[in-house]
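> One structure follows; several queries about it will come next.
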Amino acid sequence: MKIQTRDIDSFVKNPDKSIKAILIYGPDEGLVRERVAIIGKTIVDDLNDPFNVAEISGDKLKDDHAILSDELSSQSMMGGQRLIRLNNVNNNHTDIVKLSMKQEFDNLLIIEAGDLNAKSSLRKLFEKEKDCAAVPCYADDERSLGSIIDNQLRENNIKIDMDAKNLLISNILGDRALARQEIEKLITYTISNPAKVITLDDVINCIGNNSEMNMNDVAVHTASGNAKDLDRTYNTLINEGISPIGIL
């Protein structure tokens, strides 16, 4: 089952009980982790519970094909569903996953993967099967990130100036986990301010200049051949006044 963009938030908060396996994939690793955690907590209270949560890496699954089947069929000592997390997975694991899911099991399987294109065998498997779901995690754009900022600030009765909001968005766009972390930092920074309004100076003082971090990102994205994020990071540095020679 392919989860449409408009339905993702509601599905993540309350997954269909008929779904036995969920693939969460996409280029935004922070958003993948966030959605895994939200769905996982609909099954178990503690994601680190050694009795009710099992974590399997893609490398471990390659070495031991039976480990996934064993975990899927295992029962909780305390009763109820167990959560099986399979991470660092790609299309090379599709056949193993497909074979393991042919058995009957009551536990919930969540698979974490990176960016998968429309031709991905793993993605096709989860989009095709009625008792499986595929949830994409693409990076927030300015509009969606603006909504996240507004919602988090509203919960704390804090407002933000438009210039401050625009600067904040430009600094945290691209990673949901980083975005939430920086917003929380701003909330902590501002909560004692009687005015309860975040200004441009507040963002500059709290978030600071991310040039050093972005310069490192240039090297990482170049080495990994990630042209899209390299272009975004390069433009951010140029807008911050860093010279092209310095970046080079």
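> Among residues other than CYS206 whose Cβ falls under 14 Å from its Cβ, what is the net charge (Lys/Arg +1, Asp/Glu -1)? Write down the numbers at each step before the final one.
Values: positive: LYS165, LYS185; negative: ASP161, GLU182, GLU184, ASP201, ASP202.
Residues close to CYS206 contribute a combined charge of -3.
> What list of ³J(HN,Hα) couplings, whole Hz, do you get for the range 69-86 from phi and the Karplus terms 6.51, -1.76, 1.60, once you set θ to phi - 60° and write x for glycine and proline?
4, 5, 5, 5, 8, 6, 9, 6, 5, 9, x, x, 7, 9, 9, 10, 10, 10
> I would also like to ask the following. How far is helix 29-40 tilted off the main Cα axis of the chain, in degrees rounded to 10, range 0 to 90?
50
> Also: Taking the 0 to 90 degree range and rounding to the nearest ten, how far is the long axis of helix 162-172 tilted relative to the main principal axis of the chain, both from C-alpha atoms?
It is inclined by approximately 50 degrees.
> For the range 1-127, what's the relative contact order in percent, using C-alpha pairs closer than 8 Å and at least 6 residues apart?
33
> Viscosity 1.306 mPa s, temperature 10 °C: Stokes-Einstein D of the range 112-248 from its Kirkwood Cα radius, in µm² per second?
Diffusion coefficient, whole number: 93 µm²/s.
> Another question, if that's okay. Given the range 28-127 reduced to its alpha-carbon atoms as identical point scatterers, what log10 I(q)/I(0) does the Debye formula return at q = 0.12 Å⁻¹?
The computed values of log10 I(q)/I(0) come out as -0.38.
> Run the Debye formula on the Cα coordinates of the chain, all scatterers equal and no solvent, and tell me log10 I(q)/I(0) at q = 0.08, 0.09, 0.12, 0.18 1/Å.
-0.39, -0.49, -0.81, -1.28
> Same structure again: Kindly provide the GluC sites (Glu not before Pro) of the range 1-70 that DSSP labels as loop, not H, G, I, E or B, and whose Cβ sees at most 11 other Cβ atoms within 10 Å. Mind dumping the intermediate values first?
Numbers: sites: GLU29, GLU34, GLU55; in loops: none.
The qualifying sites: there are none.
> Same structure, new question: Using only the alpha carbons of the range 61-193, determine the length spanned along each of the three principal axes and report them from longest to shortest in whole angstroms.
56, 40, 28
> Counting only other residues whose beta carbon sits under 13 Å from that of ASP106, what net charge do I get with K and R as +1, D and E as -1?
Once all neighbours under 13 Å are counted, the net charge is 0.
> Next up: For the range 1-93, which whole-number percentage of the solvent-accessible area (1.4 Å probe, protein heavy atoms only) is attributable to carbon and sulfur atoms?
Working: 2260 of 5150 Å².
After summing per-atom areas, the C and S share lands at 44 percent.
> Okay, next question. Report the Cα-based extents of the range 1-62 along its three principal axes, largest first, to the nearest Å.
33, 25, 22
> Points 7 angstrom from Cα along the Cβ direction at ASN91 and ALA37: gap in nanometres?
About 3.2 nm, to one decimal.
The values are calculated or read from the model by the stated rules, or taken from the named source; none is laboratory data. Being a predicted model, the structure only gives us computed values, none of them experimental. Heads up, the Cβs are rebuilt from the backbone with ideal geometry, glycines too, and the neighbour counts pull from every protein chain shown. Surface areas here come from the heavy atoms of the whole protein model, side chains and all, with no ligands, DNA or RNA. Shrake-Rupley method; radii C 1.70, N 1.55, O 1.52, S 1.80 Å.
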